[in-house]
Amino acid sequence: MNSKKKGVILILVIIAIILLIFGILKLKTNGKVSEKEIRCIAENSRLYVSKTCSACASQKKLLGNYTFYFNITDCIDNQEECMNNGITRIPTWIINKEKYTELHTFEELKELTGC
């Protein structure tokens, strides 16, 4: 492998590590949201994920014991539904007919849903 390829791989690894750290920090800043607010968020949103997506796994981890409240669609198992809803990136939240990609804390979801 030439040094140019090694450099590109190193840059990609560094970017991946930075994104992972950002995701972890974002998850750790999640504050207090009541179970009633979490149910409200769940009733007013839909989450699209993939089994092979590490950010999706992090988003589901953020939901923790409240995952069962949420409408979560796996785009590997439901490709047609995801295509029909214009899902091109995951995780994607649909809230009030708007798409929001990336990880979101309960506080962010609370604000987006108006809960």
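The values are calculated or read from the model by the stated rules, or taken from the named source; none is laboratory data. As the structure is a computational prediction, the values presented were derived from the model and not from experiment. Virtual Cβ from ideal backbone geometry, glycine too; neighbours counted across all protein chains shown.
Listed values, structure above:
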read-out	value
The listed residue being at pLDDT 95 or above, in contact with a strand residue (DSSP E or B) (Cβ under 8 Å, 6 or more places away or on another chain), over 19 Å from Lys36 (Cβ atoms) and not hydrophobic (A, V, I, L, M, F, W, C), out of Thr113, Thr73	Thr73
Residue in the stretch 89-105 that is free of Cβ contacts under 8 Å to residues at least 40 places away in the same chain, in contact with a Gly (Cβ under 9 Å, 6 or more places away or on another chain), surrounded by 12 or more Cβ atoms within 10 Å (Cβ to Cβ) and under 13 Å from Ser45 (Cα atoms) present	yes
Single match in Glu107, Glu81 (criterion: over 16 Å from Ala55 (Cα atoms), outside any loop (DSSP other than H, G, I, E, B) and out of contact with any strand residue (DSSP E or B) (no Cβ under 7 Å at 6 or more places or on another chain))	Glu107
Inter-residue pairs, beta-carbon under 7 Å, first within 15 Å of Glu107 (Cβ to Cβ) and in the stretch 34-48, second among the basic types (Lys, Arg) and surrounded by 15 or more Cβ atoms within 10 Å (Cβ to Cβ), 6+ apart	Glu37/Lys110; Ile41/Lys110
Identity of the residue in the stretch 41-88, of a type in the set (S, T, N, Q) and under 16 Å from Leu112 (Cβ atoms), that ends up surrounded by the fewest Cβ atoms within 10 Å (Cβ to Cβ)	Asn71
